[in-house]
Amino acid sequence: MTIDKLAIMTEYEAGHAITAIEWVTRAGKPIIEIGGRLITPTEIDLLAEDLNHCIEISGELDVYGFMMRDRDDWWQFGFYRHSWAMAALLHLQQETPRIQGAHAHWVRGLLFGYDAEAIQRFMSSACDGPASISRLAPCSHVCRRRKVEIYDCLASFVRPHSNPNGKFQQPC
């Protein structure tokens, strides 16, 4: 498999994605967010396919990708191995999470696999200002494109398209 089959990701982003996959599977990071970008409704499936392609290239088939709408057409994406990690991230992204402020910072640090010293450095620098945690719109819809899960997707606005078998694939 080669990287030249990418639909919307750059080669740089794909290289970063493959490294992130290795961090999740070999270094034990619970979840890694590799990027964010503006995505139109017609690009949702294309990005999911690119993330699936990166998983295939890596050879690490026990990892999953995720795409999560942060606001409007801005989507974050990355990889995880265990379902509890994705559930924890979704919990922290709720409109009114039970864990807030400084507590949310250190919980996020643990979730993303940072060591205690890195979390302390961040906490020391963040405590002087107001807590800033990105919020996800309520996760009203989840769909799956092979090994990539799409949370609160706009894919329902995408027209059905045919798959290689000639059958129409319903959007999320």
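Rule-based calculations on the coordinates, nothing more; no lab input. Here the structure is a predicted model, which is why all the values come from computation and not from measurement. Glycine also receives a Cβ, built like all others from the backbone with ideal geometry; neighbour counts cover every protein chain displayed.
For His82 and Ala27 in one chain, what is 0.36 nm times their gap in residues minus the Cα-Cα distance, to one decimal in nm? Write out the running numbers ahead of the final one.
Working: separation 55, 0.36 × 55 = 19.80 nm, distance 1.35 nm.
My answer for the length gained is 18.4 nm.
For the range 1-135, with only Lys/Arg (+1) and Asp/Glu (-1) charged at the beta-carbon, what is the dipole magnitude about the Cα centre, in debye rounded to 20?
With only Lys, Arg, Asp and Glu charged at Cβ, the dipole is about 580 debye.
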(message) Per-residue counts of other Cβ atoms within 10 Å, averaged by peptide: what ranking do you get for 48-55, 116-123, 66-73, 101-108, highest first?
(response) 48-55, 66-73, 101-108, 116-123
